[in-house]
Each structure stands twice: as structure tokens, then as C-alpha cells.
Amino acid sequence: MQLNLILLFMLFAFTSRCTEVEEREITFVVTVPDSLVTNDTLYISGSVTKLGNWQPNVVPLIQVDKNIYQLKVNLPLNANIEYKFTRGSWNKKEVLADGTIPGNKYLTVTRDQTVTHQIENWCDRFYKPIGGITGNLKYHHNFYANRLKNERTIVVWLPENYERDLQKHYRVLYMHDGQNLFDPNTSYIGVDWQMDETVDSLIKQGEIEEIIIVGIYNTTDRVEEYSDTEKGRAYMDFIISDLKPFIDSNYRTIPDRDHTAVMGSSMGGLISFYLIWRYPEVFSKAGCLSTSLLWNNGALLKEIENFTGQKPEIKIYLDSSGKGSEGRMKPHYEKLKKLLISKGFEEGVDLEYYFDKGGDHSERAWSKRAWRPLKFLFGIQEVK
């Protein structure tokens, strides 16, 4: 009996060691020229939780000298990490000496090592917030997500006519990364999607029906919430079970699936696709811009490829751009389009794919082509 207990304990200890994630210590050392030193805290923002999940003001570096900053952090062995440096907001991110916005920095964790960087310039020396706010914004701060057990801000954009015609009800577009949609002061590098200006203009030109936009602020768990993980599934449930009932109860919406859409970019495009694909009884339309198709080794592509059910009655807008790493992903976007066509979708009817050859992976690029999904999903000729 005692021998069996000893063997069981040894097996448990061995199993525990096997399931531990092996890590390596990475030391980031950042040098800031004297002319660029400010009183702001320096932060690292990256693609994993220990680097803030792309939040610009979560993981600070320690100032070890007048112009030298440092962070030591343990990261998973063999992980591929992307990251940037900021002074607490995307309006104050690092840029190249001439103001050019660089791509992400990359690191594959193979050993304990020191990684050094020198800041060449700061974004706010070149870019100022552009655009203002058109229309009426309503904020719901500290909105609680039951399954996620966290809070976030919800911002609701109302069309100009909302307060005039009190009998009218409206279609609703749910969008992710809410802080990037309307206000340049909260958006990435001071450039928002300008959804307020774009939608207002399209409405006045008679191109689309009046809609309500619900912007959902992201959190430090953005990557997990915007993908097919436990938190991602909880995030989808939050939208359907917590947020949508609240919006339908407090605003004059048309709540059925035919008048409910979802849209986002990058990881927001990925979760938008999952939402419409798995919940067609809730959403009938989706705009998926620059979707992160390679997340989890292309799991979404595999899911569509293996789909054998009846084609859902939904409309999907897809796009991608030609510059940077996204440009090299064009074959993957074209594969998704072909897979959807093989499942019964018809391009120009319930599927649209646009390739923005000169665009890149940024709010600036998405703001320039946001009218395309809006017209495809809410065009006057499309309204039933």
C-alpha cells in the first residue's frame, strides 16, 4: 500500500513537471536619445499576456538611467513574439526618425537573452489627432460581462435622425475595438476609423439605411477574446447574452437577425467571422477586414474546409491589403473566398472580397475603405 502511494506521488510529480511551460528570461533594454526623453513612463506592448496583449499602457519598463529603460520577463520557449514601445498610448508610440510608422518588432524565444533597441522618434512629434466626432455618442462605462467577469466601455453611435423621429427603429452594427471607431483621441496613433463621418455621409447620400453602431472597447485580454479560445467563446456569449439584450432594451432597435450585423478588423475580423458563422440565428451580416486568418495555424480555414452542413443564410464581406506582412497573406484570403464559394456562397450576392493593393494593416487604411462593407451590408438596395 505504501509503495503504491509512493509510486502515485512520483507519477504526479513527473506529470506536473511535464505540463509546466518552459520559459526563458528575456531582458529588453531600450535607449532613448536625450532629445526624446520625457517625463512619461515607457511601456512595451506585445502579442502575449505578459506584454500586455497589445494594450499600450499595461507593462512598464524601469528607468535605470537618464535615457535607459529595462524590463526582465520570462516568456515561453519557442514562442514567436511581436511587440512595440509606447509612452502610454498609441498616440505616443515609437516611429522611425522620419516619422514613418514601423512594423512590429519580432522575437523568437530560444534562450535567455538581452534584446536592445533604440528609439528613433515618437509618433506625437509627427501626427496629431485628425477628425472630430459627428453625431451623438452615448457611453456606457464599466459594462460588466458575466462569463468573462470583467468590465469595459460600450460606446453607442446614434444617427442624426434618432432624436427627431421617436417612432423609428434601427438596424444595429456591433463593432470590436470600440476605442478606435469614432474618437481620434482614444484611437491608435490618433487616427480613428471615422465611422461616424462615413456612416453619416452615406446616410445623407441615400447610399445606406440609418443604423446604430455599438462599439465594444477591447481589454488587455483582446487576443484571447477575439479568437476561438475559452475567453473568445465567453466574449461571443457576452455580446449575445449580455450586450445585445441591453442595447435592444435601451435603444430603438430592430432586434431580429436580418437587421443585426457585426464588423471588425484584424483579430476583430476573426471574431466577427466566428460570430456570424456560429450564430447565424443572431447575426445575418458580417464585415471582416484584414482578418487574422493565420491565428492558431489557420484554424478558421480548416473549420470552413471541413464544414458539411447546410449553407447559412448570411452575408460576408472580406478584404485585405497589399503592403507589409498582410500582403504576403493574400493567398490565404483568396483560399477563404474559394472555400466559401465551394460551400454555396456567391460573390456579389452574399459574399464580397476586396483587395486594397496600396493599403496596409492600420486604422488609417480601414477608415478609407469602411464604406465598402457598409454599402455591401446595409446598402439601400439590400434592405428588405
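The values are calculated or read from the model by the stated rules, or taken from the named source; none is laboratory data. What you see is a predicted model; the values in this text were computed from it and never measured. Here Cβ is always computed from backbone atoms with ideal geometry, including for glycine, and neighbour counts include all displayed protein chains.
Here is a list of conditions, (1) free of Cβ contacts under 8 Å to residues at least 24 places away in the same chain; (2) not assigned by TED's automatic domain parsing to the domain that holds Gly359, and His117 meets all of them except one; can you say which number that is?
(1)
Any chance you could count how many residues in segment 263-314 are under 14 Å from the mean Cα position of the chain (by Cα) and among the β-branched types (Val, Ile, Thr)?
So the answer is 2.
Taking Glu160 as the residue in question, decide whether it is out of contact with any Lys or Arg (no Cβ under 7 Å at 6 or more places or on another chain), under 27 Å from Ala234 (Cβ atoms) and either not β-branched (Val, Ile, Thr) or not in a loop (DSSP other than H, G, I, E, B) (or both). It would help to see each step written out before you state the result.
Details: out of contact with any Lys or Arg (no Cβ under 7 Å at 6 or more places or on another chain): yes; under 27 Å from Ala234 (Cβ atoms): no; either not β-branched (Val, Ile, Thr) or not in a loop (DSSP other than H, G, I, E, B) (or both): yes.
So Glu160 fails the test.
Given the options Ile216, Ile247, name the one that is under 20 Å from Arg364 (Cα atoms), in contact with a strand residue (DSSP E or B) (Cβ under 8 Å, 6 or more places away or on another chain) and either modelled with pLDDT of 95 or more or of a type outside the set (S, T, N, Q) (or both).
The unique qualifying residue is Ile216.
Quick one: how many residues across segment 300-321 are out of contact with any Pro (no Cβ under 6 Å at 6 or more places or on another chain), among the aliphatic types (A, V, I, L, M) and either farther than 30 Å from Lys105 by Cα or exposed (fewer than 14 other Cβ atoms within 10 Å of the Cβ) (or both)?
Result for segment 300-321: 2.
Yes or no, residue by residue, for (1) outside any helix (DSSP H, G or I); (2) free of Cβ contacts under 8 Å to residues at least 60 places away in the same chain; (3) within 22 Å of the chain's Cα centre (by Cα):
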{"residue": "Tyr353", "(1), (2), (3)": "yes, yes, yes"}
{"residue": "Gly359", "(1), (2), (3)": "yes, yes, yes"}
{"residue": "Lys368", "(1), (2), (3)": "no, yes, yes"}
{"residue": "Lys375", "(1), (2), (3)": "no, no, yes"}
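Residues checked against (1) crowded, with 19+ Cβ neighbours inside 10 Å; (2) of a type in the set (S, T, N, Q); (3) out of contact with any strand residue (DSSP E or B) (no Cβ under 8 Å at 6 or more places or on another chain):
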{"residue": "Lys323", "(1), (2), (3)": "no, no, yes"}
{"residue": "Glu326", "(1), (2), (3)": "yes, no, no"}
{"residue": "Lys330", "(1), (2), (3)": "no, no, no"}
{"residue": "Leu336", "(1), (2), (3)": "yes, no, no"}
{"residue": "Leu340", "(1), (2), (3)": "yes, no, no"}
{"residue": "Glu346", "(1), (2), (3)": "no, no, yes"}
{"residue": "Tyr354", "(1), (2), (3)": "no, no, no"}
{"residue": "His361", "(1), (2), (3)": "yes, no, no"}
{"residue": "Ala365", "(1), (2), (3)": "yes, no, no"}
